[in-house]
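Enquirer: If you scroll down you'll find the structure; I have some questions about it.
The values are calculated or read from the model by the stated rules, or taken from the named source; none is laboratory data. Just so we're clear, the structure is a prediction, and the values are computed from it rather than from any experiment. Note that we place each Cβ from the backbone using ideal geometry, even for glycine, and neighbour counts take in every protein chain shown.
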Amino acid sequence: MLEYLTLGEFIVAVLMGLAALCAFAWGEASGAFGDVEAIKHQVLSAEMESEGGMEGEGGMNADGARRDA
């Protein structure tokens, strides 16, 4: 009985590994992992634009350092 449980756990682990590999291959093929630095800068510029005139109220500056209030 224990052999069937161990075999079942092994099969589930292999299937989960294959699912993760397929998800990675799909993401790589669709370009999801390409040029993540540009996306980071887009998010940062959008945050800076949404702050508007709130420069004196603390938060983070463009370098990622904490601003003083």
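Enquirer: Every residue in region 42-51 that is surrounded by 10 or more Cβ atoms within 10 Å (Cβ to Cβ) and not hydrophobic (A, V, I, L, M, F, W, C), please.
Expert: Scanning region 42-51 gives Gln42, Ser45, Glu47, Glu51.
Enquirer: Return yes or no: is Glu37 surrounded by 10 or more Cβ atoms within 10 Å (Cβ to Cβ), of a type outside the set (Phe, Trp, Tyr), at pLDDT 85 or above and outside any strand (DSSP E or B)? Spell out the reasoning first.
Expert: On the way: surrounded by 10 or more Cβ atoms within 10 Å (Cβ to Cβ): no; of a type outside the set (Phe, Trp, Tyr): yes; at pLDDT 85 or above: yes; outside any strand (DSSP E or B): yes.
The answer is no for Glu37.
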